[in-house]
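Before any comments, here is the structure.
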Amino acid sequence: PLDRSRPLWEFYVIEGVEGDGVAVLLKLHHASVDGVSGAMLVAYLCGLDPHSLVPLPEAQENPAAPSHFDLLRSSLAGLARRPVEMARLLPDLLGMAPRWVGRALTRTGMPVPFTAPRTSFNRTITGLRKVAYTSLDLQDVKRVRRTFKVTVNDVVLALCAGALRRYLDERGELPREPLVATVPVSVQGRTARDGGANQVSAFFAALPTQLADPAARIYAIAESNRVAKEHHFSIKPDMLQDWAQFAPARLFGLAMRAYSALRLAEKHPVVHNLVISNVPGPPEPMFLLGARVTGLYPLGPVFHGAGLNITVMSNAGRVDVGLLAARELVPELWSLADAVQDEMKELLRAAPGLA
């Protein structure tokens with residue numbers, strides 16, 4: 001974990017990479033960036049010209065740290081505003097709840113939380129991690145998108161669904177029900193909030209891993225996503241952030257430590273199986289201190305009960321895939337990365353006119 005007494009980022013330069021290359025590992029707390037702002041940060045650190053250097057920012061005078069009295073006054077003012085803020089938010093929540101329940105009962109919305117099947121990576125996690133990565137040709141992704149008449153995000157989810165089916169089937173734990181992925185969605189430009197490091201919402205996506213036919217899977221994903229996105233966009237983009245402000249930070253931290261110690265993630269139904277994120281990256285080749293950036297492999301967070309994250313980023317004609325998992329839950333993560341490549345070939349074979 002990052003040291004909370006220091007700035008919440010770390011930057012590592014790793015030498016000895018195969019092919020006489022150098023790897024750079026940038027580690028950031030999710031409180032400081034979301035996927036889109038993280039990609040923007042990488043774009044700022046890099047450049048399109050191998051001979052250009054990132055200009056140093058102008059020196060800024062840091063404001064004085066607030067006194068204990070200032071902090072107390074600000075805290076009391078915030079507490080006084082909370083009942084008013086809650087009263088303002090309640091009508092939207094009460095209006096949304098019946099629609100959400102109605103969609104769930106009629107199966108005309110996104111998958112319902114706590115209905116996902118349990119897999120080996122849906123348990124309590126530790127601080128140990130495992131990393132794998134792979135890269136695809138963006139033109140292959142676009143060919144599949146055009147042929148099946150779906151979106152790039154549909155193709156990404158189909159790749160992940162097929163890879164997960166292979167991985168789970170080989171280990172004898174393929175569930176009969178579809179997996180459920182949480183898919184982050186940027187709300188930049190749609191939120192009423194000014195600035196902020198995380199301008200993100202999410203929806204639940206069904207991954208029909210129970211279907212053996214890759215064409216049937218991608219069509220099922222496209223239809224499910226269409227309904228899920230319609231459902232998601234009917235919810236105010238600020239709602240998650242608006243209600244998160246009422247969670248007392250210290251109490252929430254104590255609750256999460258208790259949740260971990262008691263292994264409660266294994267005692268209630270699975271909320272979701274994993275997180276799958278698709279982040280737009282640079283369309284042109286990037287350079288860092290004169291060196292060509294040949295791969296951008298994003299790695300997203302894992303949680304208790306969902307110890308696997310697959311994040312995808314486009315990168316100058318490639319689609320780079322980063323996989324991060326709790327080490328004890330997904331010990332053969334490279335097999336899953338290889339399965340993504342296998343599924344890309346399978347989709348190309350299954351696409352009408354491309355086989």
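The values are calculated or read from the model by the stated rules, or taken from the named source; none is laboratory data. Nothing here was measured: the structure is a model prediction, and the numbers come from that model. With ideal geometry, Cβ positions are generated from the backbone for all residues, glycine too; neighbour counts draw on all protein chains shown.
Observations, loosely collected:
- Of note, residue 127 does not satisfy the criterion of being at pLDDT below 95, in a loop (DSSP other than H, G, I, E, B), at negative phi and surrounded by 12 or more Cβ atoms within 10 Å (Cβ to Cβ).
- Residue within region 139-158 that is buried (at least 21 other Cβ atoms within 10 Å of the Cβ), touching a strand residue (DSSP E or B) at 6+ places or on another chain (Cβ under 7 Å) and either at pLDDT below 95 or in a strand (DSSP E or B) (or both) present: no
- Residue match in region 272-292 (condition: modelled with pLDDT of 95 or more and of a type in the set (Phe, Trp, Tyr)): no
- Applying the set (1) modelled with pLDDT of 75 or more; (2) surrounded by 10 or more Cβ atoms within 10 Å (Cβ to Cβ); (3) over 30 Å from residue 132 (Cα atoms) to residue 67 leaves exactly one unmet item: (2).
- Restricting region 18-74 to residues that are small (Gly, Ala, Ser) and in a loop (DSSP other than H, G, I, E, B), the residue that is farthest from residue 6 (Cα to Cα) is 19.
- All positions within region 266-307 that are part of a loop (DSSP other than H, G, I, E, B), under 30 Å from residue 330 (Cα atoms) and in contact with a Pro (Cβ under 6 Å, 6 or more places away or on another chain): 271
- Qualifying positions in region 309-355 - free of Cβ contacts under 8 Å to residues at least 40 places away in the same chain, among the small types (Gly, Ala, Ser) and buried (at least 16 other Cβ atoms within 10 Å of the Cβ): 316
- Annotation: residue 240 fulfils all but one of (1) under 17 Å from residue 34 (Cα atoms); (2) at pLDDT below 90; (3) touching a helix residue (DSSP H, G or I) at 6+ places or on another chain (Cβ under 7 Å); (4) of a type in the set (A, V, I, L, M, F, W, C); the unmet one is (3).
- Cβ-Cβ contacts under 7 Å between residues 6 or more apart (or on different chains), taken from a first residue in region 130-150 that is within 16 Å of residue 341 (Cβ to Cβ) to a second residue that is part of a helix (DSSP H, G or I) and polar (S, T, N, Q), are listed as 134/341.
- Region 114-154, residues that are basic (Lys, Arg) and closer than 17 Å to residue 333 by Cα: 123, 129, 130
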